[in-house]
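Here's the structure, in structure tokens; my notes come after.
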Amino acid sequence: MRFEELPTPCYVVDEGLLEKNLKILNGVMERTGCKIVLAQKAFSMYTLYPLIGKYLSGTTASGLYEARLGYEAMGKENHVFAPAYREDEIDEIISICDHIIFNSFSQVEKFKDKVLKAGKKVGLRINPECSTQVGHAIYDPCSPGSRFGVTLEHFRPDLLEGVSGLHFHTLCQQNSDDLETTLNAVEEKFGPWLSQMEWINFGGGHHITREDYNIPLLEECIKRMQDKYGLEVYLEPGEAVALNAGYLVVSVLDTVKNGIDIAILDTSATCHMPDVLEMPYRPPLFGSGEPGEKPYTYRLGGQTCLAGDVIGDYSFDQPLKSGDRLVFGDMAIYTMVKNTTFNGMPLPAIAIQDKNGDCQVVREFGYQDFKMRLA
């Protein structure tokens, strides 16, 4: 199937672009000896896990279901972190995960013995209280009152027995200078205990595959922890794995006017690309320009009843008309994993584009996928 023959709306992941990202990440692993695992919260397209597993060390999860997916579909190292674990799930989590990372000493005390008895690794998430976020407080784990990680004030060295590693995650779409700043804070606050650990996990949020990312500085940070403390270093990026490797293909259903030209699409910001509203941000759209840059400017909106279901304002060389196809870029990450069927919106199909440009639809959704979530 050719790209122009795909049903709409449809997520498309470009296999070649995904592999390009994976080779960059694998290069960091080879040069430093660190391990990089896929954060499934950003990208969980398990059809491609065999390819990802060729380059990365495994997966990391935020709960039981993601952990099961990583265990079943990739079958390599499997890590998990959650703010708290359910007693009716912890046994299964321990059975399928290698590193179980806890958010508090009370959780460590509650479940540590089970983890160690199973021969698995116990980790503790720390909060270095070093915020490097600008403009995205919703994604800042170091914001005041954050529920993530143990701060120095509440750190209990007397309870570290059996804990083999520390984990921190403070970044979101950031460069390695922010990692260096965070690492300085980690050493300042928790340095006395790093030497008694076996491993450290730098978490995610590293935009390693972005063009302007400073990879040599990242590798310096990794080497610093290895050489100074003898630690095995883990990173768990999600976005960097599939950054700019996917598209959302949509169709124009109608055009209307209300002080501005408006195009109604067969997609939805709130349902199919929720980070557009949550971050917020304006996703790239191929063949378009900024408002007023090209002759015809339109506000692109979705089908739902939400008044704010607006993707953004874009300009075009020609007027839009019903049936026109549009292609949004960078639509692999935080789309499939976060989409909803609000208003009964159909979920987009999912396709893979191979290196020859051929497309294969690997999943389509229908009414039952909407109905099955209700009762």
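The values are calculated or read from the model by the stated rules, or taken from the named source; none is laboratory data. Remember, predicted model here, so these are calculated numbers, not experimental data. So basically every Cβ, Gly included, is an ideal-geometry build from the backbone, and we count neighbours across all protein chains shown. Accessible surface areas use protein heavy atoms only, side chains included; no ligands, DNA or RNA. Shrake-Rupley method; radii C 1.70, N 1.55, O 1.52, S 1.80 Å.
A few notes on this one:
- Rounded if a/c under 1.5, otherwise prolate or oblate - segment 227-270, Cα gyration tensor axes: prolate
- With all protein chains kept in place, the per residue accessible area of segment 96-154 amounts to 49 square angstrom at a probe of 1.4 angstrom.
- Cα pair distances of segment 59-191 binned at 5 Å [whole percent]: 2, 10, 20, 20, 19, 15, 10, 3, 0
- Stokes-Einstein diffusion of segment 99-175 at 4 °C, 1.567 mPa s viscosity, Kirkwood radius from Cα pairs, rounded to a whole number: 97 µm²/s.
- Segment 45-125, relative contact order in percent, only Cα pairs under 8 angstrom and at least six apart counted: 24 percent
- Under the criterion of Cα pairs below 8 Å and six or more residues apart, the relative contact order for segment 54-192 equals 19 percent.
- Cα shape, segment 1-107, gyration tensor, a/c 1.5 rule: oblate
- By a 1.4 Å probe calculation restricted to protein chains, residue 112 has an accessible surface near 40 Å², given to the nearest 10.
- Across 41/114; 110/228; 257/294, pairs whose alpha-carbon gap is larger than 28 Å: 110/228
- Relative contact order (%) - the chain, alpha-carbon pairs under 8 angstrom, separation at least six: 20 percent
- The label point for residue 86 and the one for residue 139, both projected 7 Å from the Cα toward the Cβ, are 2.8 nm apart.
- Of all DSSP-defined beta bridges confined to the chain, some 40% are antiparallel rather than parallel.
- Taking Cβ atoms as reference points and 14 Å as the exclusive limit, the residues near residue 362 contribute a net charge of -4, counting Lys and Arg as +1 and Asp and Glu as -1.
- The loop-placed GluC sites (Glu not before Pro) in segment 24-108, going by DSSP, that have at most 12 neighbouring Cβ atoms within 10 Å of their Cβ come out as 87.
- Bins of 5 Å, starting at 0 and running to the largest distance - Cα pair percent for segment 209-253: 5, 16, 16, 19, 12, 11, 7, 5, 4, 3, 2, 1
- Bridges between two residues of segment 93-200, per DSSP, are antiparallel at a rate of about 0%.
- Segment 313-375 and segment 149-209 have Cα centres lying 37 Å from one another.
- With one equal scatterer per alpha carbon and no solvent term, the Debye-computed log10 I(q)/I(0) for segment 274-374 at 0.21, 0.22 1/Å reads -1.33, -1.37.
- Accessible carbon and sulfur surface of segment 231-305 relative to its total accessible area, %, 1.4 Å: 49 percent
- Cα gyration tensor, segment 1-46 - rounded (a/c under 1.5), prolate or oblate: oblate
- From helices alone, the chain scores -8000 deg cm²/dmol at 222 nm; the rule is -39500 (n - 2.57) for each run of n ≥ 4 DSSP H residues, then divide by the residue total.
- Residues of segment 1-22 with amide N under 16 Å of a point placed 7 Å along Cα→Cβ from residue 362: 1, 10-22
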